[in-house]
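**Student:** Here's a structure for you.
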Amino acid sequence: MKYDFDTVVDRRNSGSYKWDVAENELPMWVADMDFRTAPEIIKALKERTEHGIFGYTTISDEWYQAYIDWWKNRHGTEYKKEQFIFSTGVIPTISSCVRKLTTPAENVVILTPVYNIFYNCIQNNGRNVLECPLLYENGEYSIDWTSLKEKLANPQTTMMLLCNPHNPVGKIWDSETLARIGEIAYNNGVVVLSDEIHCDITDPDCSYVPFASVSEKCRQNSIICVAPTKAFNLAGLQTSAVIVINPQLRHKVWRGLNTDECGEPNAFAVQATVTAFNYGGEWLDEMRKYIYNNKQFVKNFLSENIPQIRLVPSEATYLLWLDCSALHMDSKKLSAHIRKSTGLYLSDGIQFGNGEQFLRMNVACPKTVLIDGLNRLKRSVEML
């Protein structure tokens, strides 16, 4: 490989939220990577730093073009400059849209298990979470269409939060599924906000399907959240984009982000994004292969050493969803046992909804760290 993903970077005492743990603990929970970002991005940020002045920053034409080119060349979808809005992050965007496009006590539908912060974005803004649990059969997840139709047809429902690809189950929703979601939502006057932040972290030879690409109803009735932050490990730079094709809907989103004061970039947000999309493709492809190899290692390790835990098949993200049902223990107690007995810090599945017997593991780390984590997991199960 041209790029180095094997070197262990000490992130302790660096202000890292993920690594703010005890000395003997190994965090494999929160969704950021333990890899240095692409050298091309580091070089660009060093040059920006050497300029020495960090005043108010504008959104350059380069920023728009970088997004346009990336989605056209990488994902086969064409967007126009005027359809993009800068935002400091996907979560600020979701919270703003919930506040501005729904009213208190209305329902927002989510497919569970799903990214736990979706709950916060809904509940903290005085709206009702309306869960539509995914069906789990033979180790695979699918949508319960009867339940989804019922919940989207509820007159109190005004928005759906979609995770595409889906965190934590790692599923890439296909065109037919997305079009069907879009059709039901459109026909019931429910706006779909699609969080596509994990879209670039797919297995080699796999690609995600942009929600807005599958039908005209999806295009006209959606808010798309995208960013380079997950794929290039730039979350701390607070940079993302919102794509809204419908001009009336876009105006409402823009006004919301503007009044919530999360529509202006910091001094590094634009340059990092432009460099990532213009020069980071090769690094990203190597990182995707490395993550895929880590996934395969976990699958084989579990099969050979911890058969009580089964890896749910996934095609996207570096977050693995572990089926621990054979251990007959709820995930909150199980994750607490694992952390207390070995120092391995995993996410319990309960917080994602519909995940009482699952754990989430982040494998975006050097292989030596992964092996350490798996050995700790093995020891903790042996202690049960």
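The values are calculated or read from the model by the stated rules, or taken from the named source; none is laboratory data. None of the values given here were measured: they were computed from a predicted structure. Every residue, glycine among them, receives a Cβ derived from its backbone with ideal geometry; neighbour counts consider all protein chains shown. The area values use the complete protein model at the heavy-atom level, side chains included, leaving out ligands, DNA and RNA. Shrake-Rupley method; radii C 1.70, N 1.55, O 1.52, S 1.80 Å.
**Student:** Compute the projected area of the convex hull of the Cα atoms of segment 75-141, averaged over all viewing directions, and report it in nm² to one decimal place.
**Tutor:** 6.6
**Student:** Would you work out the Kirkwood radius for segment 230-384? I mean one over the mean of 1/r across all pairs of different Cα atoms, in Å.
**Tutor:** 18.2
**Student:** Amide H neighbours of ASP144 under 5 Å, counting only residues 5+ apart in sequence or on other chains, H built in-plane at 1.01 Å?
**Tutor:** The list, which skips near neighbours in sequence, is LEU135.
**Student:** While we're looking at this one, here's another question. Working only with C-alpha atoms, what are the Rg and Dmax values of segment 194-264, expressed in angstrom?
**Tutor:** 13.6, 41
**Student:** Taking a probe of 1.4 Å, how large is the accessible area per residue of the chain, in Å²?
**Tutor:** With the other protein chains kept in place, the chain gives 43 Å² per residue.
**Student:** Follow-up. Considering only DSSP beta bridges with both partners in the chain, what is the antiparallel share in %, to the nearest 5?
**Tutor:** Around 50 percent of the beta bridges assigned by DSSP in the chain are antiparallel ones.
**Student:** For segment 334-384, state the semi-axes of the equivalent ellipsoid (square roots of 5 times the eigenvalues of the alpha-carbon gyration tensor), sorted largest first and rounded to whole angstrom.
**Tutor:** Taking √(5λ) for each eigenvalue gives 19, 15, 8 Å, largest first.
**Student:** Accessible area of segment 69-174 with a 1.4 Å probe: how many percent of it is carbon plus sulfur?
**Tutor:** Heavy-atom surface of segment 69-174 belonging to carbon and sulfur, 1.4 Å probe: 45 percent.
**Student:** While we're looking at this one, here's another question. Binning every alpha carbon pair distance of the chain at 10 Å from zero, what are the percents per bin?
**Tutor:** Each 10 Å bin holds this share of Cα pairs: 5, 23, 33, 26, 12, 1.
**Student:** Given only helices, namely DSSP H runs of n ≥ 4 each adding -39500 (n - 2.57), what is the per-residue ellipticity at 222 nm of the chain, to the nearest 500 deg cm²/dmol?
**Tutor:** -12500 deg cm²/dmol
**Student:** Between VAL9 and LYS46, what is the spin-label point distance in nm, taking each point 7 Å from the Cα along the Cα→C-beta axis?
**Tutor:** Using points 7 Å along Cα→Cβ, the separation is 1.4 nm.
**Student:** In percent, what relative contact order does segment 153-266 have, based on Cα pairs under 8 Å that are 6 or more apart in sequence?
**Tutor:** Over segment 153-266, the number comes to 22 percent.
**Student:** Apply the a/c threshold of 1.5 to the C-alpha gyration tensor of segment 306-357 and tell me whether it is rounded, prolate or oblate.
**Tutor:** Taking the square roots of the gyration eigenvalues as a ≥ b ≥ c, segment 306-357 is rounded.
**Student:** Evaluate segment 105-229: find the radius of gyration of its Cα atoms, find its Kirkwood radius, and give the ratio Rg to Rh.
**Tutor:** 0.94
**Student:** Have a look at segment 288-331 and give its Rg and Dmax from the Cα atoms, expressed in angstrom.
**Tutor:** For segment 288-331, the Cα-based Rg and Dmax read 11.1, 34 Å.
**Student:** Quick one: how many Å² of ASP61 are accessible to a 1.4 Å probe, rounded to 10?
**Tutor:** Using a 1.4 Å probe on the heavy atoms, I get roughly 100 Å².
**Student:** Then there's this: Please give the direction-averaged projected area of the C-alpha convex hull for segment 17-138, in square nanometres with one decimal.
**Tutor:** 13.3
**Student:** How big is the Cα convex hull of segment 229-322 in projection, averaged over all directions, in nm²?
**Tutor:** Convex hull of Cα atoms, orientation-averaged projection: 8.8 nm².
**Student:** Sort 103-111, 323-331, 3-11 for me by packing, meaning the mean count of neighbouring Cβ atoms within 10 Å per residue, highest on top.
**Tutor:** 103-111, 323-331, 3-11
**Student:** Just subtract the alpha-carbon distance of LYS333 and GLU261 from 0.36 nm times their residue separation and send over the number in nm, one decimal.
**Tutor:** Roughly 22.0 nm would be gained on extension.
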